[in-house]
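Peer 1: Before I ask anything, here is the structure I am working with.
The values are calculated or read from the model by the stated rules, or taken from the named source; none is laboratory data. Keep in mind it's a predicted model, so treat the numbers as computed, not measured. Reconstructed Cβ throughout: ideal geometry from the backbone, glycine too, with neighbour counts over all protein chains shown.
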Amino acid sequence: MDLFKGKQGGFNIISNKNQVHGGYGAGMIDLSNVSSVIVNEEEAVIDIGALHAKSAVEKGIKFSMNKEDVPNGKRYWLVWVATDMGEKGAYYAGVTACEMLVDREARRGWKILADHVNKMDYAMKRRFILDGMNEKEKQNLRELLETHKPELWENSPEELKEKLA
């Protein structure tokens, strides 16, 4: 018996904010305005696969919660970017960064999944948390945000621009 036959839908994250009166999809959080960016010292790249922990950097890697398990890991940042509409138009409303280490040769990595989930939530709640990123990483993220959709950058809060200055 196929329980989902006839139901159309994607990945749902359930919230206690129910703005629908029951039925399929009640209480869903809309992730359509959240994107994920992978940043390191070389570049910043939009990688939507990170929404499901399947970014190009994460694929094929066995993750541990112990940093010591990845002594030769390369540092990457998963950056959650939430957009919203304001009086002037669309803007970057929340941007948060989560650190991870990846050793491609050993196929091992380090990340704290709870931190990644919490930071996604913070981005959706319109916060800017970029603690720990070095200047080059921030510069790469800024360049991507500025050039990807310049109007979003122009309409964004000064707090974000200052944190990436």
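Peer 1: Return the residues of the stretch 84-103 that are in contact with a strand residue (DSSP E or B) (Cβ under 9 Å, 6 or more places away or on another chain), surrounded by fewer than 21 Cβ atoms within 10 Å (Cβ to Cβ) and farther than 15 Å from Lys67 by Cα; say none if nothing qualifies.
Peer 2: Asp84, Met85, Gly86, Ala90, Tyr91
Conditions tested, residue by residue: (1) on the phi < 0 side of the Ramachandran plot; (2) exposed (fewer than 13 other Cβ atoms within 10 Å of the Cβ).
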residue	(1), (2)
Ala106	yes, no
Ile112	yes, no
Gly132	no, yes
Lys138	yes, no
Glu146	yes, no
Pro150	yes, yes
Lys161	yes, no
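Peer 1: Do we have Val57 as touching a residue at least 60 places away in the same chain (Cβ under 8 Å) and under 16 Å from the mean Cα position of the chain (by Cα) here?
Peer 2: No; evaluated as a whole, the condition is false for this residue.
Peer 1: Tell me which residues, restricted to the stretch 121-142, are free of Cβ contacts under 8 Å to residues at least 12 places away in the same chain and in contact with a Ser or Thr (Cβ under 7 Å, 6 or more places away or on another chain).
Peer 2: Of everything in the stretch 121-142, nothing turns out to be free of Cβ contacts under 8 Å to residues at least 12 places away in the same chain and in contact with a Ser or Thr (Cβ under 7 Å, 6 or more places away or on another chain).
Peer 1: Of the numbered conditions (1) touching a residue at least 40 places away in the same chain (Cβ under 8 Å); (2) under 29 Å from Ser64 (Cα atoms); (3) part of a helix (DSSP H, G or I); (4) not acidic (Asp, Glu), Leu145 satisfies every one except a single condition; which is it?
Peer 2: Status for Leu145: all satisfied but (2).
Peer 1: Same structure, new question: Only one of these is under 16 Å from Val45 (Cβ atoms) and at pLDDT 95 or above: Trp110, Trp77. Name it.
Peer 2: Of the residues listed, the single one that is under 16 Å from Val45 (Cβ atoms) and at pLDDT 95 or above is Trp77.
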